[in-house]
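Q: Once you've had a glance at the structure underneath, I'll fire off some questions.
The values are calculated or read from the model by the stated rules, or taken from the named source; none is laboratory data. Since we're looking at a predicted model, the values are computed, not measured. Glycine gets a Cβ as well: all are built from the backbone with ideal geometry, and neighbour counts include every protein chain shown. Each accessible area value is taken on the protein alone, full model and side chains, heavy atoms only, with ligands, DNA and RNA left out. Shrake-Rupley method; radii C 1.70, N 1.55, O 1.52, S 1.80 Å.
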Amino acid sequence: AVSMGTGVGAASFISRSFGAGKPEIANRCACEAITLAILIGALGGMIYLSNLEGILHFFGATGAVLSPAKKYLSILASFAFLHSAFIVIGNLIRAEGSPGMSGLAVMVSAITNIILDPIFIFGFGPIPRMEVAGAAMATVVGHTAGICVFLYYALTGRSAYKFNFRNFFPSKYIISEIYRVGFASIFRMGALAVVMALASTIAASFGVIQLAVLGVVFRLARFAFMPTMGLGQGMLPLVGFNFGANRKERVGEVVVKAGMLGLGWGLFCWLIFMIFPAQVISVFNSDPRFIAEGVRTLRIFVLLFFAIQLQIIVSFFFQGIGKAIPSLVLASARQVLFLIPGLLILPRLFGVVGLWMAFPVADMLSMLLTLIWIGIEFRNQGLPFQLRYA
């Protein structure tokens, strides 16, 4: 969460700096963001390694699970700086206008991980069988491969950044600008973890079937949200650059088009989940009780699913223009302002149905708040809602 927030905050500030004709500020921000990424990963790794068993117990690892979990986490923690750097640098590359290179690095990392997983886990030729530790090593090598793609891109002179050793030392000004906007992403991901833990606890009180259904619904929601999050992250540097260059018509066009794409994707997912809920649920479990409960749950859960896709896009708009308070409030509105109170109140009034209803209620309220806020911001900034920039 901290790495993602660092990357998003840096991308916003960099794109606005490039748009305003200040490449030296953008270069300094990129260098300092890389330093922060390494420090965040190193600090996180040391915290994990200092108390592996305590942390794993906190997350529910006991008995036979504890030993392999320690092996897995100890390896990931030792190389956590690679994971953190990979996340942050990907955002920096997108911010300079090279999303294709960022996507290529992600693909290389994922494909490397997929190929090495069975080789390291089960052993192959001279490579010994490493079991769970092998899965962790495959992940580390995958991150390393992705970073190598970034290094090749930078060292061959294709990047717009000009790296200077002096710029890698953190400064108060750059750090404050990064986290002024990036804190919204940190808070969004942190709040999501709290919501998942709270919802799981409440679902478990109604039985194992409800808990299992909740896990499946969360996975489906994550699948549906991933393209929207990618769309928002892709929109952010475009908004920041054009806002910094005072090209307000282009900002309006980017937001409207991204919003329409997000809404269209949300409607597509909504239709699939509403029309074919049994088929979707049965992919995870064929138990008749599970499918019956899952069909009812999924239809309630996604009642206003299309709306929240648009809400996610708009929250990235505020990060793109550097508005810290609106981006923080809107990024966390669904989880913190509406969903957590809904999870605490509605199940007490309506039982398990209240648990599922908390999600569309939060979607509706957060969407209303977002539409009102963006309408006010567009009017104050003189930004037009339009599909095409003349």
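Q: Can you tell me which of Pro170, Pro118 is in a loop (DSSP other than H, G, I, E, B) and of a type outside the set (Phe, Trp, Tyr)?
A: Going through Pro170, Pro118 in turn, just one is in a loop (DSSP other than H, G, I, E, B) and of a type outside the set (Phe, Trp, Tyr): Pro170.
Q: If you check Trp356 against the conditions, is it aromatic (Phe, Trp, Tyr), in contact (Cβ under 8 Å) with a residue 24 or more places away in the chain and open to solvent by 20 Å² or more (accessible area, probe 1.4 Å)?
A: no
Residues checked against (1) touching a Gly at 6+ places or on another chain (Cβ under 9 Å); (2) among the charged types (D, E, K, R); (3) within 30 Å of Val239 (Cα to Cα); (4) at pLDDT below 90:
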{"position": "Phe58", "(1), (2), (3), (4)": "no, no, no, yes"}
{"position": "Tyr72", "(1), (2), (3), (4)": "no, no, no, no"}
{"position": "His83", "(1), (2), (3), (4)": "yes, no, yes, no"}
{"position": "Val88", "(1), (2), (3), (4)": "yes, no, yes, no"}
{"position": "Met107", "(1), (2), (3), (4)": "yes, no, yes, no"}
{"position": "Asn113", "(1), (2), (3), (4)": "yes, no, no, no"}
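Q: Still on this structure, please answer the following. Run down Ala307, Ala292 and say which single residue is aliphatic (A, V, I, L, M), in contact with an Asp or Glu (Cβ under 6 Å, 6 or more places away or on another chain), open to solvent by 10 Å² or more (accessible area, probe 1.4 Å) and part of a helix (DSSP H, G or I).
A: So the residue among Ala307, Ala292 that is aliphatic (A, V, I, L, M), in contact with an Asp or Glu (Cβ under 6 Å, 6 or more places away or on another chain), open to solvent by 10 Å² or more (accessible area, probe 1.4 Å) and part of a helix (DSSP H, G or I) is Ala307.
Q: Separate question: Taking the stretch 155-182 on its own, how many of its residues are buried (at least 19 other Cβ atoms within 10 Å of the Cβ), among the aliphatic types (A, V, I, L, M) and closer than 27 Å to Leu104 by Cα?
A: Here the count works out to 2.
Q: Considering only residues that are open to solvent by 10 Å² or more (accessible area, probe 1.4 Å) and not acidic (Asp, Glu), which ones fall in the stretch 18-34?
A: Passing the criteria: Phe18, Gly19, Ala20, Gly21, Lys22, Pro23, Ile25, Asn27, Arg28, Ile34.
Q: Which one of the conditions (1) more than 24 Å from Ala191 (Cα to Cα); (2) within 27 Å of the chain's Cα centre (by Cα) does Val329 fail to meet, given that it meets all the rest?
A: Looking at each condition in turn, Val329 falls short on (1).
Q: Kindly list the number of the only condition in (1) open to solvent by 10 Å² or more (accessible area, probe 1.4 Å); (2) in contact (Cβ under 8 Å) with a residue 60 or more places away in the chain; (3) under 19 Å from Ala191 (Cβ atoms) that fails for Phe316.
A: Unmet condition: (1).
Q: So the check is Cβ under 6 Å with 6+ separation or different chains; which pairs have a first residue in the stretch 122-142 that's closer than 15 Å to Ser78 by Cβ and at pLDDT below 90 and a second one that's open to solvent by less than 50 Å² (accessible area, probe 1.4 Å) and of a type outside the set (D, E, K, R)?
A: none
Q: Would you kindly identify the helices (runs of 4 or more DSSP H) lying entirely within the stretch 310-390 that contain at least 2 residues that are under 19 Å from Ile300 (Cβ atoms)?
A: Answer list for the stretch 310-390: 340-350, 352-381.
Q: Has the stretch 78-89 got any residue that is in contact (Cβ under 8 Å) with a residue 40 or more places away in the chain, open to solvent by less than 50 Å² (accessible area, probe 1.4 Å) and over 30 Å from Asn242 (Cβ atoms)?
A: Taking every residue of the stretch 78-89 in turn, at least one turns out to be in contact (Cβ under 8 Å) with a residue 40 or more places away in the chain, open to solvent by less than 50 Å² (accessible area, probe 1.4 Å) and over 30 Å from Asn242 (Cβ atoms).
Q: To continue, here is another question. Return the pairs, sorted by first residue and then second, in which the second residue is at pLDDT 95 or above and among the polar types (S, T, N, Q), the first residue lies in the stretch 63-76 and is closer than 15 Å to Met46 by Cα and surrounded by 12 or more Cβ atoms within 10 Å (Cβ to Cβ), the beta carbons are less than 8 Å apart, and the residues are 6+ apart or on different chains.
A: Within 8 Å, the pairs are Leu76/Thr139.
Q: Is the stretch 16-32 home to any residue that is among the aliphatic types (A, V, I, L, M) and either under 20 Å from Gly146 (Cα atoms) or touching a His at 6+ places or on another chain (Cβ under 6 Å) (or both)?
A: Checked against the condition, which is being among the aliphatic types (A, V, I, L, M) and either under 20 Å from Gly146 (Cα atoms) or touching a His at 6+ places or on another chain (Cβ under 6 Å) (or both), the stretch 16-32 yields at least one hit.
Q: Turning to a different aspect of this structure: Can you name the condition, by its number, that Arg129 falls short on among (1) of a type outside the set (A, V, I, L, M, F, W, C); (2) crowded, with 16+ Cβ neighbours inside 10 Å; (3) part of a loop (DSSP other than H, G, I, E, B)?
A: With (1) of a type outside the set (A, V, I, L, M, F, W, C); (2) crowded, with 16+ Cβ neighbours inside 10 Å; (3) part of a loop (DSSP other than H, G, I, E, B) applied to Arg129, the lone miss is (2).
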